[in-house]
Amino acid sequence: MATQTLYETEREELISGSEAIAIACAMADVDVITAYPIRPYDTVMQYVSKLKADGAFDCDFIVAESEHSQFEIVKHASAVGARTFCGSSGVGWFYAFEAITVTAGLRLPVVAMVGNRALDDPGAFGVEHNDAMAVRDLGWMLYWVGTAQEALDTALLAWRVAEDPRVFLPAAISCDGSFLTHSQAIVNVPTQEQVDRFLPQYDRGRLLLHPDNPITVAPQVNEDWLMEIRRQTDDAMRRTSDVIREAYEEFKQVFGRGDDSPFIEEYMTDDADIVLVGMGTLAMPVRVAVRRMREQGKKVGFLRVKFFRPFATEEIQEALSHCKAVGVIDRDYSYGSPSYGGVLFNEVRSALYDLDDRPLVQSFVAGLGGREVLVRDVEEMTQMVQDSIDSGKVKQVNTWIGVRE
Amino acid sequence: MTTMTQAPPQTVQDLPQVRGVKQIPVFEGFTSGHRTCQGCESALVMRLMIKAAGPRTIVVGSTGCMYVANTTYYSTPWVVPWMHTQLGSSGSAATGTAAGLASLMRKGKMQEEPINVIAFCGDGGGVDMGLSAISAALQHDEYNLLILCYDNESYANTDIQVSGSSPWGANSTFSPPGKVHRIMNHRWKKNTAPMLAAGHPDVRYIATACGSYGPDFTNKIRRALTIGGPTFIHSIDPCPKGWDYDPKYSHELGMLAVETGIWVQYEIVDGELILNGPSRAIARGIRPRKPVTEYLQRQGRFAHLTEEDLKFFQEKIDESWEKWWIPGIVPFGPQEEG
């Protein structure tokens, strides 16, 4: 096959996060892909369509007439046993929301890329996490990618976990708009043989919609059965943790790379008094800032949350249980939420509630609409957390960073 | 350079045309278990549809009566594989199902065989919300699929609300006649099938249909499924609940819709218009159109119409037969010389 000749040998390429995911699509031999243009996610579809045009990738590539149709098409293709991929950004993701909701309800393992973008209006192309976050309660797995390499790796992991019959849930791969979708980095592209070893074919089993298996999918259940079905989805989400762990261990064996945990990444947290928490490409300036502050003798560390759903409660508790204070940096907002804090902040603070000895937790909203988060911003946030430690309590729970007042 | 083109349109099943009621297949794919209203013509449309298509068919149904009233958990009437899709998604559901099958068969991941793909929608799902997705589906000539719009001229599942396919003046829970405004629905019924035919000239088959004419209906479903590529059928379904008449008259009202010239029965096959049954006889002047009152006055939804209203309705129908470029179908024509 043409696909195999392209990926016979492992090699390094200078590519963007979007291109990395497009290559993952080809290597995973995805059957049906649907596209609709919106910046910044749509770069992935430009690469996919080029791969198909050049004969490097055999898939049914459908340019839908709206995001709603885009997500409906893959939903139905998935029901008849096809491996699927689609994606969107910002308000496009919201336009598809009805389809996105039912995909999880139907337990269909669609994999989608979200190129995180601010929700218009007012118009803004840059990254905010509120678009993808909107699925957090619906039964989608939700992952925030930090690098182009991780984008490729996570896409492969996503199909593997989503299509596991113990799971059968859709997965969204969140990539910070521009910073990840458009920025190039060196990516190690695996061989087709490795991918085939890691990723079995999608088998819908007894849920396959086919004349040989004439089932009725998604009838009216009403109050008679809805709670039981919701509970089944909850059980499936609970099972994802073990399936992810298992798949990630195998991933590391097959591809020879990966972190300690698939759920979180810890950076200099071991003896840290202050741990900053964030997601996505925010990790880049924060790591630099942490290194600088360490050089100045400050005991600061960073925890990057990778899987937002499932939320790795125990791992996060463990990682944050030894520090004095936590500063959560949100690239999102949640108007009217507890303490007017960010979404991640409230999730982290909630996860820490059960600890006997809880650290202080402080919320920062930063980098909205793609505004850069600078090293000095991180240092400023850290100082505020230090002030909380010094005074023994958090005086102002949430702070917007770098806002012109 | 490797050439990798889309697979040619899949092969189709052998579904011969029937001559008369006795040749309609015995096979039942839509059986007991549904809880549609007495006299529901759409239930008959479902039954005829799947009889014509046969067991090697996947049916996808968008939200509406034929979802909610049909498929109660544990008592589905569907003998064939059936799946729900969202209200505006019949076009996308058909495309996704057909694309999935095509891709898997082309790549050797699924045994190759022609499987019929039918997505149905009501007038709310098709004529209103799902129009854009249906239009998109009709552009994919690489997939064999049929979209069937069963039109009972209102959102009949949600308490009878007016849709873009409701007739002018019809009483509905969103267009009730009142003390000040007698006519609340001022919109004329959308001319859906011709709109889709004109807008998608590569589509090989678009037809209107009516369950009152069983063999004709069967043959239309079969032609749509065997001609290749995406196809569309728009059927008029009398609805006792929404139209307010005794359920025993459903069949008769379907015929009256055609005989009054309000509904025109035709097929557009590879760009050629073929009028069917009474519509053909009317167009040829072999039989006169019955007055619209014979149809309208049988239905409670038009009970508030005055003589003047009925005259207006008749004039609009007359105009569509006498002034339209193609009577009852194409309302515009070339500019007259001079």
In the set A:Val378, A:Val373, A:Val361, A:Val348, the lone residue that is aliphatic (A, V, I, L, M) and assigned to a strand (DSSP E or B) is A:Val361
Any chance A:Phe125 is modelled with pLDDT of 95 or more, farther than 30 Å from B:Met110 by Cα and in the same structural domain as A:Leu180 (by TED's automatic domain parsing) = no
Condition broken by A:Val326, with the remaining ones in (1) surrounded by 23 or more Cβ atoms within 10 Å (Cβ to Cβ); (2) out of contact with any Pro (no Cβ under 7 Å at 6 or more places or on another chain); (3) closer than 20 Å to A:Ser388 by Cα satisfied | (2)
All-but-one check, B:Val45 against (1) aliphatic (A, V, I, L, M); (2) over 23 Å from B:Thr11 (Cα atoms); (3) facing chain A (nearest Cβ under 9 Å), failing number (3)
Of the conditions (1) over 20 Å from the mean Cα position of the chain (by Cα); (2) surrounded by fewer than 24 Cβ atoms within 10 Å (Cβ to Cβ), the single one that B:Gly96 does not satisfy is (2)
Neighbours by Cβ (under 7 Å, 6+ apart or cross-chain): first from the stretch B:118-146, farther than 16 Å from B:Gly96 by Cβ and more than 13 Å from chain A (Cβ to nearest Cβ); second among the hydrophobic types (A, V, I, L, M, F, W, C) and part of a loop (DSSP other than H, G, I, E, B) | B:Gly124/B:Leu87
Please specify each residue of the stretch B:52-78 satisfying the condition of being within 7 Å of chain A (Cβ to nearest Cβ), closer than 17 Å to B:Gly33 by Cβ, assigned to a strand (DSSP E or B) and touching a Phe, Trp or Tyr at 6+ places or on another chain (Cβ under 9 Å).
-> B:Trp78
Return the residue satisfying two criteria in turn: it lies in the stretch B:248-279 and is in a loop (DSSP other than H, G, I, E, B) and touching a helix residue (DSSP H, G or I) at 6+ places or on another chain (Cβ under 7 Å), and of such residues it is farthest from B:Cys149 (Cα to Cα).
-> B:Thr260
Filtered residue count, the stretch A:367-388, keeping only those that are among the hydrophobic types (A, V, I, L, M, F, W, C) and over 19 Å from A:Asp176 (Cα atoms) = 3
Residue list for the stretch A:49-64, filter: surrounded by fewer than 18 Cβ atoms within 10 Å (Cβ to Cβ) and either facing chain B (nearest Cβ under 7 Å) or not in a helix (DSSP H, G or I) (or both) = A:Asp54, A:Gly55, A:Val63
Within the stretch A:128-138, is there a residue that is more than 14 Å from chain B (Cβ to nearest Cβ) and farther than 27 Å from B:Ser89 by Cα?
-> yes
Scanning the stretch B:162-215 residue by residue, the ones that are surrounded by fewer than 21 Cβ atoms within 10 Å (Cβ to Cβ) and more than 19 Å from B:Ile236 (Cα to Cα) total 18
Only listed residue being surrounded by fewer than 19 Cβ atoms within 10 Å (Cβ to Cβ), at pLDDT 95 or above and in the same structural domain as A:Val348 (by TED's automatic domain parsing), chosen from A:Glu295, A:Glu228, A:Glu250, A:Glu246 = A:Glu295
For the subset of the stretch A:195-225 comprising residues that are surrounded by 15 or more Cβ atoms within 10 Å (Cβ to Cβ) and part of a helix (DSSP H, G or I), which member is farthest from the chain's Cα centre (by Cα)?
-> A:Leu207
Of the residues in the stretch A:124-133, those that are in a loop (DSSP other than H, G, I, E, B) and out of contact with any Ser or Thr (no Cβ under 8 Å at 6 or more places or on another chain) come to A:Ala124, A:Glu128
Scan of the stretch A:9-42 for residues that are within 14 Å of chain B (Cβ to nearest Cβ) and of a type in the set (D, E, K, R), ordered by number = A:Asp29, A:Asp31
Before we move on, is A:Gln383 in a helix (DSSP H, G or I), modelled with pLDDT of 95 or more and not basic (Lys, Arg)?
-> yes
Show the residue pairs that are 6+ apart or on different chains and have beta-carbon atoms under 6 Å apart, the first residue being within the stretch A:191-218 and among the hydroxyl-bearing types (Ser, Thr, Tyr), the second being at pLDDT below 95 and not in a strand (DSSP E or B).
-> A:Thr191/A:Tyr7; A:Thr191/A:Glu10; A:Thr216/B:Thr71; A:Thr216/B:Thr76
Yes/no for B:Lys179 being of a type in the set (D, E, K, R) and either touching a helix residue (DSSP H, G or I) at 6+ places or on another chain (Cβ under 8 Å) or within 12 Å of another protein chain (Cβ to nearest Cβ) (or both) | no
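For every residue, the table says whether it meets (1) without any contact (Cβ under 8 Å) to a residue 60 or more places away in the chain; (2) surrounded by 13 or more Cβ atoms within 10 Å (Cβ to Cβ).
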| position | (1), (2) |
| --- | --- |
| B:Thr293 | yes, yes |
| B:Arg301 | no, yes |
| B:Ser320 | yes, yes |
| B:Val330 | no, yes |
| B:Glu336 | yes, no |
Among A:Ala172, A:Ala155, A:Ala151, which is buried (at least 24 other Cβ atoms within 10 Å of the Cβ), within 17 Å of A:Glu250 (Cα to Cα) and in the same structural domain as A:Val44 (by TED's automatic domain parsing)?
-> A:Ala155
B:Tyr245 being in a helix (DSSP H, G or I) and within 19 Å of B:Thr36 (Cβ to Cβ) | no
Please indicate, with yes or no, whether at least one residue in the stretch B:79-90 is under 18 Å from B:Phe232 (Cα atoms), part of a helix (DSSP H, G or I), within 11 Å of chain A (Cβ to nearest Cβ) and in contact with a strand residue (DSSP E or B) (Cβ under 6 Å, 6 or more places away or on another chain).
-> yes
Give the residue, chosen from B:Asn157, B:Asn171, that is at pLDDT below 95 and at negative phi.
-> B:Asn157
Residue, surrounded by the fewest Cβ atoms within 10 Å (Cβ to Cβ), within the stretch B:105-124, restricted to residues that are part of a helix (DSSP H, G or I) and more than 16 Å from the chain's Cα centre (by Cα) | B:Met105
In the stretch B:1-51, what residues are modelled with pLDDT of 95 or more and part of a strand (DSSP E or B)?
-> B:Phe30
Members of the stretch A:71-121 that are surrounded by fewer than 24 Cβ atoms within 10 Å (Cβ to Cβ), under 11 Å from A:Ala171 (Cα atoms) and within 11 Å of chain B (Cβ to nearest Cβ) = A:Leu108
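The values are calculated or read from the model by the stated rules, or taken from the named source; none is laboratory data. Nothing here was measured: the structure is a model prediction, and the numbers come from that model. Reconstructed Cβ throughout: ideal geometry from the backbone, glycine too, with neighbour counts over all protein chains shown.
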